[in-house]
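The values are calculated or read from the model by the stated rules, or taken from the named source; none is laboratory data. Note that the structure is predicted; figures quoted are calculated from it, not measured. Note: ideal-geometry Cβ built from the backbone for every residue, glycine included; neighbour counts use all protein chains shown. For the accessible areas, the whole protein counts, side chains as well, though only heavy atoms, and no ligand, DNA or RNA atoms are used. Shrake-Rupley method; radii C 1.70, N 1.55, O 1.52, S 1.80 Å.
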Amino acid sequence: MEVFFQQLINGLSLGSIYALIALGYTMVYGIIRLINFAHGDVYMVGAYVGFWATTQGWGFLPALLLSMVVCAVLGMVIERLAYKRLREAPRIAVLITAIGVSFFLESTGVLAVGAKVRTFPNVFPEVKFQLFNGAIVVTNRQLVIMVVTVLLMLLLQYIVHRTKIGKAMRAVSHDAQAAMLMGINVNNTVSATFAIGSALAAAAGVLVGVYYNAINPYMGIMPGLKAFVAAVVGGIGVIPGAFVGGLSLGVIEALVSGYGSSLWRDAVAFALLIIILIVKPSGLFGSNAREKV
Amino acid sequence: MKKMFFSLPNLLMALLLLAFYGLTYAGLEQGWIDDYYKLNLFLICINIILAVSLNVINGMTGQFSIGHAGFMAIGAYGSAVMTMKLGFPFGAALIVGAVGAALAGLIVGIPTLRLKGDYLAIATLGFGEIIRVIILNIEYVGGAAGLNGIAQYTNWHWIFFLTVATVLVIKNFMTSTHGRACIAIRENEIAAETMGVDITRYKVIAFTIGAFFAGLAGALHAHYFYTIQPTTFGFMKSFDILVFVVLGGLGSLTGSILSAIGLTVLSAFLQDYAELRMVIYSLLLIIVMLVRPQGLMGTAEFSYRGVAKLYDRLSGKGRGPGNDTAVG
Amino acid sequence: MILLSVNHLSKSFGGLKAVSAVNMELRMGELVGLIGPNGAGKTTVFNLLTGVYQPTEGDIALRRQSIVGLKPWQINQRGIARTFQNIRLFNNLTVLENVKIAYHQHASYGIASAILRLPGFYKGEDDMSQKGIELLKIFKLEHKKDELAKNLPYGEQRRLEIARAMAAQPQLLLLDEPAAGMNPQETAELMDMIRWVRQNFDMTILLIEHDMALVMGICERIYVLDYGQIIAEGTPAEIKSNRKVIEAYLGEDISHAHGS
Ligand SMILES: Nc1ncnc2c1ncn2[C@@H]1O[C@H](COP(=O)(O)OP(=O)(O)OP(=O)(O)O)[C@@H](O)[C@H]1O
Ligand SMILES: [Mg+2]
């Protein structure tokens, strides 16, 4: 039972990272039906910006904010340069472009900072809280991850449901044609979506740096793919779905590592993906849509 | 106008290929072709097999698979176990590797075929990763360290004739009623189905054929490079293969072959600048997609008639608008 | 003899009842029209008949055998072929290849023959090409047989779709707005062609069309669909004077009614 609760806590902190990345995937997919493969690499860039800021002596919160702003801009630039022209192109062309952007960010990263692993400065000296006579350990870093994630999630909900840009995003995602006829500026809305999604990924990057202390230019690949799995599990295009999907995936992975072998962890995520796709392709919270004939 | 197997153009092509085969063989024997060129020549052949095999799934049938390296892994490991551990001859190992991969293709194909587009892509990526993780966890095949000391059975004879055979088999399939059924699915799935094409059957067939030849390529790879690890067949490899097919033109075998050759040569040139290589490669990918999303060849193929037309056009004799079935 | 009987057929999309409790009967060799205002559910009926959609309720029987639950390709094999309102050709295949797809289900050679190029392959392909060219002659498309379908002008694309459906040698041919987007001369030619086809191939045809001149001109019997329900059935003369039909078309003179 201790193992279970310990892994639950580990899983929730890992899952928070997935959830933050998954939100960007799901928002972008919801609005322009693109699997933005480069999203995981934006998260990597976010981690490096956080790394730079903290090594310059910045505190955690300023570093987090800087990283979010930089990546928001990066996300918008990627969209404008690479994806915008392809909105009417065949889906496979768009997906390949996204893969190209992903490769580009990784290889440019290697060129710029080298392939080696960097150690994140110790922004929070680790404090362990022992629960139940030390049977379960929670670290202050895990708490920070979970708290920041929940706060960002609430902020996102507020933006999406209460602000003008959020309403525009929902309208475009529902029906871009109609939204345009209603006078919504689709281009700006798409840009905003990329900005918000990328900022969330950047936050995840900084949090991971703080949590695991180690970052490298390829760090975005696996979490990126898994966050996508999380988004699909939750129902792609559905914001709360991405959150729940991310947390669930984190917990399941932690439990598999705890009870089985961590070597199987990656397979579990993809097996879950395939089961969901076959049993309920629209995800846990999605609704079905079928092509009209 | 009956088309026959022993037509003049076919004989001409066969003659050219045999000449290439013979000259290269002499070159390898005499040492005119050094190890570096040999390596890249073999890589080109393996990449051609991979590209045309993925083209059956992604190009011809219009399904979206991005887990091709998984099938390659099965072929590589299956065949290596046959020769290394069980002492079978190479020929038998090739067959086992390819058939094993084909079976995996069948298993992957059946449940994922209900999925479309992006979802299918992600599911195949997932399957590719699952195959890799399963291999990683099998102690018998070396786990993360992989298999080392595989005998180098892959020689010029094997690789040349198997590459030619692969292209021929896939081309013959594509230009038959069965291949047309696959293309019809790509062009319009609903119309194909209402015109009597059993779409599930043909999607499974496409997956199986594609996986079979990917397995063959994996087996050739394993028996050329002495060593294989699970990481060799990660999704980076799958993406590499995907790039061949997409840059060449989805649905064009000629395009797949040309881009497999071109990109292999390009990466050989950039070998010394490994870091820069990926930057250039990725930029190339993005630019081609932005400028020519249908790829180099679109769905067109090389044909003698096309060459003749192109010649007419270039020499100013051509009338009317250019036809896309030419080489360009 | 009855070829097709549709019993109490219904289809809902979420809350929307696109087709509700439709009964229809087609006798062998008839040419029947299916008309109704935009969104009445006509195309949905075709989608149900061809297995593209599964009915929510009701039954469809072809020659007394239910075809509900069969896959579209199985229904095609049992003898129903169709065209689409929004043209669905195989764009990057040639005109002849488009037609040859319809012969696929009767292909005389297997995959092995194709790969090994055995004599059976050449014979099978020749047969298909010959049959296809014969058919294209009827539809005046023979000279374009090697063009890609996407390069044909609109009217010819419509004709090719009909030719492709005919190639399957169906007993029942479903045409969804075959004259949509055609000019009067093309429409007139199309009418002749449909008549000719029916006489020479003794085929049963069910036709959706907004062009009332065409429908009234060639159909022997007409069903009128409105809000998913059959509101009238009868000869063109009966339909023209039917009060319910006139109301459904909002008082328009239906001999001039045109849809989108
Ligand atoms: N796949 C679908 N999902 C949801 N609603 C659908 C679907 N297909 C059709 N409908 C709806 O069912 C109704 C009937 O549509 P249908 O296409 O059958 O009309 P129609 O009579 O063919 O009209 P038209 O003359 O415009 O072609 C419409 O309200 C349409 O929006
Ligand atoms: Mg309709």
Filter pass, C:L4 being closer than 25 Å to C:M166 by Cβ, modelled with pLDDT of 95 or more, more than 16 Å from ligand 2 (Cβ to nearest atom) and more than 14 Å from chain B (Cβ to nearest Cβ): yes
A:G241 passes all but one of (1) under 21 Å from B:K237 (Cα atoms); (2) open to solvent by less than 40 Å² (accessible area, probe 1.4 Å); (3) in contact with a Ser or Thr (Cβ under 9 Å, 6 or more places away or on another chain); which number fails? (1)
Being open to solvent by 30 Å² or more (accessible area, probe 1.4 Å) and facing chain B (nearest Cβ under 9 Å) is the filter here, so list the residues in the stretch C:120-141 that pass it. C:Y122, C:D126
Anything in the stretch A:1-26 that is in contact with a helix residue (DSSP H, G or I) (Cβ under 9 Å, 6 or more places away or on another chain), over 17 Å from A:V206 (Cβ atoms) and open to solvent by 10 Å² or more (accessible area, probe 1.4 Å)? List them, or say none. A:V3, A:F4, A:Q6, A:Q7, A:L8, A:I9, A:N10, A:L12
Anything in the stretch A:112-126 that is more than 14 Å from every other protein chain (Cβ to nearest Cβ), exposed (fewer than 14 other Cβ atoms within 10 Å of the Cβ) and modelled with pLDDT of 85 or more? List them, or say none. A:V117, A:T119
Can you tell me which residue within the stretch C:30-50, out of those that are part of a helix (DSSP H, G or I) and in contact with an Asp or Glu (Cβ under 8 Å, 6 or more places away or on another chain), is farthest from ligand 2 (Cβ to nearest atom)? C:F46
Scan C:D176, C:D226 and give me the residue that is touching a residue at least 60 places away in the same chain (Cβ under 8 Å), within 14 Å of chain B (Cβ to nearest Cβ) and either buried (at least 16 other Cβ atoms within 10 Å of the Cβ) or away from ligand 2 (no atom under 16 Å from the Cβ) (or both). C:D176
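Here's the yes/no breakdown for (1) open to solvent by less than 10 Å² (accessible area, probe 1.4 Å); (2) more than 30 Å from B:V279 (Cβ to Cβ); (3) among the aromatic types (F, W, Y); (4) more than 10 Å from chain B (Cβ to nearest Cβ):
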site	(1), (2), (3), (4)
A:A227	yes, no, no, yes
A:G245	yes, yes, no, yes
A:G250	yes, yes, no, yes
A:S261	no, yes, no, no
A:A271	no, yes, no, no
A:I274	no, yes, no, no
Quick one: count up the residues across the stretch C:229-239 that are closer than 19 Å to C:E30 by Cβ and either buried (at least 16 other Cβ atoms within 10 Å of the Cβ) or under 17 Å from the mean Cα position of the chain (by Cα) (or both). 5
Does B:G196 qualify as being more than 27 Å from B:Q294 (Cα to Cα), open to solvent by 30 Å² or more (accessible area, probe 1.4 Å), of a type in the set (G, A, S) and not in a helix (DSSP H, G or I)? no
Among A:S261, A:S248, A:S257, which is modelled with pLDDT of 90 or more and of a type in the set (S, T, Y)? A:S248
Can you go through C:Y53, C:Y109 and tell me which one is within 16 Å of ligand 2 (Cβ to nearest atom), among the hydroxyl-bearing types (S, T, Y), at negative phi and in contact with a Ser or Thr (Cβ under 8 Å, 6 or more places away or on another chain)? C:Y53
The stretch C:11-38: number of residues that are aliphatic (A, V, I, L, M), within 11 Å of ligand 1 (Cβ to nearest atom) and open to solvent by less than 10 Å² (accessible area, probe 1.4 Å): 3
Hey, among B:T177, B:T208, B:T163, B:T194, which residue is under 30 Å from B:L17 (Cβ atoms), free of Cβ contacts under 8 Å to residues at least 60 places away in the same chain and not aromatic (F, W, Y)? B:T177
Checking A:G134, A:G109, A:G100 in turn, the sole residue that is free of Cβ contacts under 8 Å to residues at least 40 places away in the same chain and surrounded by 18 or more Cβ atoms within 10 Å (Cβ to Cβ) turns out to be A:G100
If C:G79 meets every condition in (1) more than 7 Å from every other protein chain (Cβ to nearest Cβ); (2) of a type in the set (G, A, S); (3) on the phi < 0 side of the Ramachandran plot apart from one, which number is that one? (3)
For A:V279, which of the numbered conditions (1) within 14 Å of another protein chain (Cβ to nearest Cβ); (2) at pLDDT 85 or above fails to hold? (2)
Residues to consider are C:G79, C:G41; find the one that is in contact (Cβ under 8 Å) with a residue 40 or more places away in the chain and surrounded by fewer than 22 Cβ atoms within 10 Å (Cβ to Cβ). C:G79
Selection status of A:L151, of a type outside the set (S, T, N, Q) and free of Cβ contacts under 8 Å to residues at least 12 places away in the same chain: yes
Among (1) surrounded by 18 or more Cβ atoms within 10 Å (Cβ to Cβ); (2) within 15 Å of ligand 1 (Cβ to nearest atom); (3) assigned to a strand (DSSP E or B), C:G58 falls short only on (2)
